[in-house]
Amino acid sequence: MDFTLDRRTPFSFACRACGRCCSGKVIMTGPHEVLGMARHLGISTTEFLALYGDHGGTALRFGDDGRCPFVSAEGCRVHPRRPLVCRLYPLGRATDGEGREGFAVHPKEEGCQGEFGTDGTVADFLGSQGVAPYIE
């Protein structure tokens, strides 16, 4: 991926909650994200990690079908407390050793019903997804 976009780059994405992006990925999680999801589900972090943690608790454990455990017919069960990588999607974010960030757009998943556009900027999209506390 080419991380050449910045926060001023024209970009918009209207998610249609089709769930196509919720399969076949590794969703990394940090302690803040685990705590938020556990609280949202009304369970302890220990229970959360036992049920949903993978790779020593640094990622979500996907099902045998390759899907995120929180995808349901009604949508994402942890959407208000979803991890940063889910909030950023379909963008990817990278930082260099000096803290400069760049963004890239993931290719559209087959069957994805979301709509890409240029009605805003990367910064607008990030704001709409509530990423600031997750990036801090």
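The values are calculated or read from the model by the stated rules, or taken from the named source; none is laboratory data. Nothing here was measured: the structure is a model prediction, and the numbers come from that model. No Cβ is skipped: glycine too gets one built from the backbone with ideal geometry, and neighbour counts run over all protein chains shown. Just the protein is used for accessible areas: all its heavy atoms, side chains included, with ligands, DNA and RNA removed. Shrake-Rupley method; radii C 1.70, N 1.55, O 1.52, S 1.80 Å.
Given a 1.4 Å probe, how much area per residue of the chain is accessible, in Å²?
59
Show me 107-113, 74-80 ranked by packing, highest mean number of other Cβ atoms within 10 Å first.
The most tightly packed comes first, giving 74-80, 107-113.
Excluding Lys108 itself, what net charge comes from residues whose Cβ is under 11 Å from its Cβ, given Lys and Arg +1 and Asp and Glu -1?
-2
For the chain, which whole percent of the accessible surface, found with a 1.4 angstrom probe, sits on carbon and sulfur atoms?
52
May I have the extent of the alpha carbons of region 33-126 along their three principal axes, as whole Å values ordered from largest to smallest?
Taking the Cα atoms of region 33-126, the three principal extents are 40, 37, 23 Å.
Amide H to amide H, which residues 5 or more places from Thr9 or on other chains are under 5 Å from it, using H placed in the peptide plane?
Val122, Ala123
For the chain, just give the cysteines left without a disulfide-compatible partner, judged by no other Cys Cβ under 4.7 Å.
Cys15, Cys18, Cys21, Cys76, Cys86, Cys112, each lacking another Cys Cβ under 4.7 Å.
Would you mind pulling out the separation of the Cα centroids of region 28-59 and region 94-113, in Å?
Answer, in whole Å: 24.
First select every other residue whose beta carbon is under 11 angstrom from the beta carbon of His40; then total the charges, Lys and Arg +1, Asp and Glu -1.
So the environment of His40 carries a net charge of +3.
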